[in-house]
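The structure appears right after this line, and notes come after that.
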Amino acid sequence: MLGSKPINLDESSFDAVIRDAEGPVLVDFWAGWCQPCLALAPTIEALAGEFEGRATVAKVDVDQAEGLSRRYGIRNIPTVLVFSGGEVVAGHVGVQAGRVYARSLDDAARVSAA
C-alpha cells in the first residue's frame, strides 16, 4: 500500500494497481456530490490504516472515470468492490459498517494466500 490513506485511481492507473497489488484491493467508487459517499469516507480512510501493508485501499471518482464505472456495472454509489488476483471477489452497494468491508478484505487475503 502507498501510505495509510486511500489512493486515488483513475482510468490510467486502475489496471496496473489492481494487477500489481500484493494482496487484496478494496476500491470505493464514489462522487463528491454523493452524501452517502461522503459519510463512508472516514470508514474507507480507517480501513486504509488498519490494512496498511496487507491490502491496498483505493477510491475511484465515478465522474472522472466513467469507463471504469461502465466496466464494473456501477449503477449506485457508493459501491465498494474487493479484488483479489485481479478479479472482483466481493461487492457492497450502499454504506455498510466498516467490519463488513474488513471481513471482505480478510476473506480475500485468505483466498489469495491459499
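Things worth noting here:
- Every test in (1) in contact (Cβ under 8 Å) with a residue 12 or more places away in the chain; (2) within 14 Å of the chain's Cα centre (by Cα); (3) within 16 Å of ILE18 (Cα to Cα) is passed by GLU87 save one, and that test is (1).
- Taking region 95-114 as the range and being touching a residue at least 24 places away in the same chain (Cβ under 8 Å), of a type in the set (Val, Ile, Thr) and in a helix (DSSP H, G or I) as the test, only VAL111 passes.
- Any hit, region 32-43, residues being at pLDDT 95 or above and closer than 22 Å to GLY85 by Cα: no
- A count restricted to region 78-114 and to residues that are β-branched (Val, Ile, Thr) and either modelled with pLDDT under 95 or closer than 13 Å to GLU50 by Cβ (or both) stands at 1.
The values are calculated or read from the model by the stated rules, or taken from the named source; none is laboratory data. The structure presented is a predicted model; accordingly, all values stated were derived computationally and were not measured. Note that each Cβ is placed from the backbone with ideal geometry, even for glycine, and that neighbours are counted across all protein chains shown.
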